[in-house]
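One structure is given below, encoded as structure tokens.
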Amino acid sequence: MKKLLVALVALTGFIVSGSQFTACMAKEQLLPKFEEVDKNLGVYIIRYSNIIVSIEGKTIKVPIFGGKYEDITYEDLKKQQTKNRSVLGHIYIKADDGHVKETFYNILSFYKQSFFKDIDTNKPSVIGNEGGESLFIWYDFDYEGMPCSMMITVAYDKKKTSEKIKKIKAGLKKGDPFEETVEMLEFKEDSKWIDIQINLGEESGYKK
């Protein structure tokens with residue numbers, strides 16, 4: 001009888017744990033495939049795996065970081081918008097506290113399989129700042145035979161980044177070339193998001 005009671009308790013615990021797991025999985029699956037973060041600015045979370053775009057007579061797949069649902073055409077995706085803006089203009093990627101740098105490098109690693117296959121992601125076309133706490137990191141690349149570009153916007157720690165760059169410069173000899181790279185950046189780990197903008201058939205204007 002005692003053994004039976006222990007078995008029943010264990011079975012009950014297993015069922016409860018299984019139910020909680022199933023509930024969590026169901027909640028995960030219910031995440032919207034397309035979510036408007038800011039309707040006026042056109043900022044979106046996109047959870048489709050690829051967006052199918054027709055451009056210059058070609059049909060190409062635009063891979064979406066973090067996408068887990070089926071593919072969708074650009075035209076069908078635009079039907080879900082409140083306002084008519086480029087759905088590739090501001091793709092919002094959530095970043096948990098303490099994982100901004102990790103998320104940023106995961107984005108680079110993901111696009112290294114497609115967009116960034118033939119470029120050095122440590123050396124973007126330009127790393128820009130307009131006085132705020134956000135960096136605008138532009139990459140130029142060729143994809144499906146056409147020039148393209150991507151801008152990644154991410155919050156950074158200006159003080160720590162400046163200190164890191166000063167140390168690197170101090171170790172250079174006179175006349176040694178200096179080029180700002182992604183590895184020199186220190187991110188704000190309490191930031192909540194990273195934004196990417198994908199431009200098909202367009203260079204950034206900063207291509208070296």
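Read-outs: derived from the displayed coordinates by stated rules, not from any lab. Predicted model only: the values in this text are computed from it and were never measured. Ideal geometry is used to build each Cβ from the backbone, glycine not excepted, and the neighbour counts take in all protein chains shown.
Of note:
- Length released on extending from Met146 to Lys58, taking residue separation times 0.36 nm less the Cα-Cα span: 30.7 nm
- Cα-based reach from Lys174 at 26 Å (exclusive), listing lysines while leaving out same-chain residues under 8 positions away: Lys123, Lys158, Lys159, Lys160, Lys164, Lys166, Lys208
- Considering only Gly42, Gly128, Gly171, the Gaussian network model of the chain with Cα springs below 10 Å gives its largest mean-square fluctuation to Gly171.
- To the nearest ten degrees, helix 2-29 and the longest principal axis of the Cα atoms of the chain are 40 degrees apart.
- Taking 7 Å steps out from each Cα toward its Cβ at Lys158 and Asn40 produces label points 2.5 nm apart.
- Out-of-range pairs (alpha-carbon distance over 18 Å; input Lys39/Lys78; Lys78/Lys117; Lys58/Lys79): Lys78/Lys117; Lys58/Lys79
- Distance in nm between pseudo-label sites at Lys208 and Leu31 (7 Å out along the Cβ direction from Cα): 3.5 nm
- Extended-chain gain in nm, criterion 0.36 nm per residue less alpha-carbon gap, Asn106 and Met184: 26.4 nm
- Amide H to amide H, with H built 1.01 Å from N, Gly128 comes under 5 Å of Phe136, Ile137, Trp138, counting only residues 5 or more places away or on other chains.
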